[in-house]
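The structure appears right after this line, and notes come after that.
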Amino acid sequence: MNEQTTSRVVEPPFLIVNPKAYLGSADTLELATITDELAARFGIDVIFTAQHVDLRMVKDHTEHLTVTAQHMDPIVKGRGMGYILPESLVEAGAEAVVLNHAEHQLTLDVLDATMRRAREVGLATIVCADSDVQCRAIATMGPDMMICEPTANIGTGRMDAGDYISRTTRIVKDVDPTILVIQAAGVTSGEDVARALAQGADSSGGTSGIVQNPDWRAVLTQMFTAIAEHKKNRAQEEQMRPRTASRVNG
């Protein structure tokens, strides 16, 4: 089976909205619709994950989201009752897949095989890691994106108070600067998103900080606004950066 290459499905800075298993289908569609509307309004790319049964629904009702599976298995067509076939995700409209989340960890050999299958069917890989050692090791495997997050902060509403974001982002970039790094553990607000981006991340967003907020539109607007401001400031910095004058030999 020939391995396909995956083109970049999002451009930084971007948002990740990851409902996990917090929502049923109707609420997932509502969240996806709101996110899609705001993505168009702000011109910001979005990774939107969904339960496998909801992928096609989300794809059919949105236009501006990178629809993403929350897991898959390294199987091929044939036997595999109860496992997630990569080809089926593509047919359902998925463009990317999250692997090795703290809530669904994989052994190294299974992760390697699953990443290879993802490449074969053209799915971008978003691989999770926790510690410095894990971030460095997984970066060497060449995922398209990585979610670096301290497991202890997941779902707590509290970001790491130290230098975890800048440190682990630097670790990944030192291995492969083309890997996009997502930092979202404990993120609940636009201020949190701004902090993650300021410390070097390519993306931020979250799960419980969004789905457990009583006003999805308001919290998402905060997050999109933070990303738009970061994008604007970065563009201004690029314009102000002195250009290297070319030397002309006379």
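The values are calculated or read from the model by the stated rules, or taken from the named source; none is laboratory data. Predicted, not measured: the structure shown is a model, and the values here were computed from it. Methodologically, a virtual Cβ is constructed for each residue, glycine included, from the backbone with ideal geometry; neighbour enumeration extends over all protein chains shown.
Hey, GLY206 hits all of (1) within 19 Å of ALA129 (Cβ to Cβ); (2) modelled with pLDDT of 95 or more but one; which does it fall short on?
Status for GLY206: all satisfied but (2).
Residue by residue through region 60-72, note down the ones that are surrounded by 17 or more Cβ atoms within 10 Å (Cβ to Cβ) and either acidic (Asp, Glu) or in contact with a Phe, Trp or Tyr (Cβ under 8 Å, 6 or more places away or on another chain) (or both). Spell out how you get there, then give the answer.
The initial filter retains those residues of region 60-72 that are surrounded by 17 or more Cβ atoms within 10 Å (Cβ to Cβ), namely 62, 64-72.
Answer for region 60-72, where residues must be surrounded by 17 or more Cβ atoms within 10 Å (Cβ to Cβ) and either acidic (Asp, Glu) or in contact with a Phe, Trp or Tyr (Cβ under 8 Å, 6 or more places away or on another chain) (or both): THR62, LEU65, THR66, VAL67, THR68.
With (1) over 18 Å from SER203 (Cβ atoms); (2) at pLDDT 95 or above as the list, and THR125 as the residue in question, which single condition is left unmet?
Checking THR125 against (1) over 18 Å from SER203 (Cβ atoms); (2) at pLDDT 95 or above, the one that fails is (1).
Counting just the residues of region 30-66 that are out of contact with any Ser or Thr (no Cβ under 8 Å at 6 or more places or on another chain) and hydrophobic (A, V, I, L, M, F, W, C), which one comes out farthest from LEU220 (Cα to Cα)?
For region 30-66, the residue satisfying everything is LEU55.
Give the number of residues within region 192-206 that are out of contact with any helix residue (DSSP H, G or I) (no Cβ under 7 Å at 6 or more places or on another chain) and surrounded by fewer than 21 Cβ atoms within 10 Å (Cβ to Cβ).
Kept after step one, since they are out of contact with any helix residue (DSSP H, G or I) (no Cβ under 7 Å at 6 or more places or on another chain), are these residues of region 192-206: 192, 195, 198, 202-203, 206.
Adding the requirement that they be surrounded by fewer than 21 Cβ atoms within 10 Å (Cβ to Cβ) leaves 195, 198.
Matching residues across region 192-206 total 2.
Buried (at least 20 other Cβ atoms within 10 Å of the Cβ) and at pLDDT 95 or above, is that true of LEU15?
When the stated conditions are applied, LEU15 passes them.
Looking at (1) more than 21 Å from ASP27 (Cβ to Cβ); (2) free of Cβ contacts under 8 Å to residues at least 40 places away in the same chain; (3) within 18 Å of the chain's Cα centre (by Cα); (4) surrounded by 15 or more Cβ atoms within 10 Å (Cβ to Cβ), which is the one condition that is false for LEU55?
The failed condition is (1).
Could you identify the single residue in ALA92, ALA32, ALA50 that is of a type outside the set (Ser, Thr, Tyr) and touching a Phe, Trp or Tyr at 6+ places or on another chain (Cβ under 8 Å)?
Details: ALA92 fails: touching a Phe, Trp or Tyr at 6+ places or on another chain (Cβ under 8 Å); ALA50 fails: touching a Phe, Trp or Tyr at 6+ places or on another chain (Cβ under 8 Å).
Matching residue, one of ALA92, ALA32, ALA50: ALA32.
I need the full set of residues from region 147-181 which are modelled with pLDDT of 95 or more and in a loop (DSSP other than H, G, I, E, B), in order please.
ASP176, PRO177, THR178, ILE179
Can you tell which of ILE84, ILE138, ILE126 is without any contact (Cβ under 8 Å) to a residue 40 or more places away in the chain and not in a loop (DSSP other than H, G, I, E, B)? Don't jump to the end; show me each part of the working.
Numbers: ILE84 fails: not in a loop (DSSP other than H, G, I, E, B); ILE126 fails: without any contact (Cβ under 8 Å) to a residue 40 or more places away in the chain.
Answer to the selection: ILE138.
Scanning region 103-123 for residues that are outside any helix (DSSP H, G or I) and out of contact with any helix residue (DSSP H, G or I) (no Cβ under 7 Å at 6 or more places or on another chain), which turns out nearest to HIS71 (Cα to Cα)? Before the answer, list the steps.
Narrowing region 103-123 to residues outside any helix (DSSP H, G or I): 103-107, 122-123.
Then drop every residue that is not out of contact with any helix residue (DSSP H, G or I) (no Cβ under 7 Å at 6 or more places or on another chain), which leaves 103-105, 107.
Numbers: GLU103: 11, HIS104: 8, GLN105: 10, THR107: 14 Å.
Here the answer is HIS104.
Test ALA21 against the criterion of being small (Gly, Ala, Ser), modelled with pLDDT of 95 or more and under 22 Å from ASP192 (Cα atoms), and give yes or no.
Here the answer is no, as ALA21 does not meet what is asked.
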